[in-house]
Amino acid sequence: MFATLTRGTALAALALSLSSTGALAQGWQSELPAFRVGLLGGENEADRLRKNECMVEQLGELLGVPVELYPASDYAGVMQGLVAGQLDAAQLGASAYAGIYIQDPEAVEPIFVALEADGSDGYYAMMYARSDSGIASIDDMQGKSLAFADPNSTSGYLVPKAQLELSGIDIESYFSSTGFGGGHEQALVAVLNGQYDAGVTWTSGVGEKSEGFSRGALRSMVDKGLLDMADLDIVWTSDIIPNGPWVIRKSAPQEAKDIAIAWMETLRDTDYDCYVDVSQGDGQGFKRVDHTFFEGIVAMRRAELEGSR
């Protein structure tokens, strides 16, 4: 009861504050009859919708227009929706943001990244294998099969491929085969089922391994009872990667942007459970960022695109 009253009071105070500063100016809602949020693939659709239901309720109340969720089967679906102006916001990986920026720098603007439990603003790509596979390190992966998550995933493709190549590993000849699992959760299931020898995914790298760390695809599956970390060994870890951004459509009404930003900025304090669901795990809140935070990933993505031509 106390948490509900506190959350309701906080929402009311936020709405009053926004109204008093003119953020709820008349007329902009007619330009934006619904606030459309894209949800990346990587987790089953029902779980994605459930975890973001609190956003639908709370942000919709503040905006005065419905918040509609659009789960996509892969990263490309959300990226295309943002470029086409059919979506107003989404949480992306850094590589997906870079892909949009390269295609259309005016499509979206990054507004936040989630901070990890230790306050850091980065995370890691981790390669995992079944604990009964006999694979304990990247050296043991020679001649084995590898599942990437999605071609637009930062931790599930771009960074592992780039860093392994920098270490002298030729992806095509080193592994017996590579493929895309269709998302982080799907790739992990494929490894557990023996379809691939190993996979790569994203993780905070903070907290207990037995719990899937504090945030990431491993933690999400542990929390849902779909994974026992004793069944996996971590065989390779990347250098730190900039956390992916929440982005918003640049051409969206400024009033709507202000409301969404204000809601997210205080979410950890006003509704911790909602924050954990929306940010996909525990952490210290959201940090404001701009394009400069992702310039290194943009350069890496450009190099990847040029190399594939």
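The values are calculated or read from the model by the stated rules, or taken from the named source; none is laboratory data. The structure presented is a predicted model; accordingly, all values stated were derived computationally and were not measured. No Cβ is skipped: glycine too gets one built from the backbone with ideal geometry, and neighbour counts run over all protein chains shown.
Could you list all residues from the stretch 53-110 that are part of a helix (DSSP H, G or I) and polar (S, T, N, Q)? Reasoning before the result, please.
Pass one, the stretch 53-110, residues part of a helix (DSSP H, G or I): 53-63, 75-83, 94-103.
Scanning the stretch 53-110 gives Q58, Q80, S95, Q103.
K224 meets the conditions (1) on the phi < 0 side of the Ramachandran plot; (2) surrounded by 14 or more Cβ atoms within 10 Å (Cβ to Cβ) in every case but one. The failed one is (2). Restricting attention to the stretch 115-137, does a residue exist that is surrounded by 15 or more Cβ atoms within 10 Å (Cβ to Cβ), among the charged types (D, E, K, R) and under 27 Å from I169 (Cα atoms)? The answer is yes, given that some residue of the stretch 115-137 is surrounded by 15 or more Cβ atoms within 10 Å (Cβ to Cβ), among the charged types (D, E, K, R) and under 27 Å from I169 (Cα atoms). Any residue at all in the stretch 119-138 that is outside any loop (DSSP other than H, G, I, E, B), more than 30 Å from G283 (Cα to Cα) and not acidic (D, E)? No, every residue in the stretch 119-138 fails to be outside any loop (DSSP other than H, G, I, E, B), more than 30 Å from G283 (Cα to Cα) and not acidic (D, E).
Exactly one residue among K144, K161 is basic (K, R), in contact with a Phe, Trp or Tyr (Cβ under 8 Å, 6 or more places away or on another chain), within 11 Å of A198 (Cα to Cα) and in contact (Cβ under 8 Å) with a residue 40 or more places away in the chain, and that residue is K144. Considering R215, R219, R288, R249, the condition of being at pLDDT 95 or above and either over 18 Å from G93 (Cα atoms) or buried (at least 19 other Cβ atoms within 10 Å of the Cβ) (or both) is satisfied by R249 alone.
Being closer than 19 Å to S220 by Cβ, of a type outside the set (A, V, I, L, M, F, W, C) and either modelled with pLDDT of 95 or more or crowded, with 22+ Cβ neighbours inside 10 Å (or both), is that true of even one residue in the stretch 166-183? Checked against the condition, which is being closer than 19 Å to S220 by Cβ, of a type outside the set (A, V, I, L, M, F, W, C) and either modelled with pLDDT of 95 or more or crowded, with 22+ Cβ neighbours inside 10 Å (or both), the stretch 166-183 yields at least one hit. The numbered conditions (1) within 25 Å of the chain's Cα centre (by Cα); (2) farther than 15 Å from I240 by Cα are all true for S173 except (1). Within the stretch 164-181, residues that are assigned by TED's automatic domain parsing to the domain that holds P151 sit with their Cβ atoms under 8 Å from residues that are basic (K, R) and surrounded by 17 or more Cβ atoms within 10 Å (Cβ to Cβ), at 6+ positions apart or across chains, in these pairs: I171/K161; F175/K144; S176/K144.
Does P105 count as exposed (fewer than 15 other Cβ atoms within 10 Å of the Cβ) and under 22 Å from the mean Cα position of the chain (by Cα)?
Working: exposed (fewer than 15 other Cβ atoms within 10 Å of the Cβ): yes; under 22 Å from the mean Cα position of the chain (by Cα): yes.
Considered against the rule, which asks whether it is exposed (fewer than 15 other Cβ atoms within 10 Å of the Cβ) and under 22 Å from the mean Cα position of the chain (by Cα), P105 comes out as yes.
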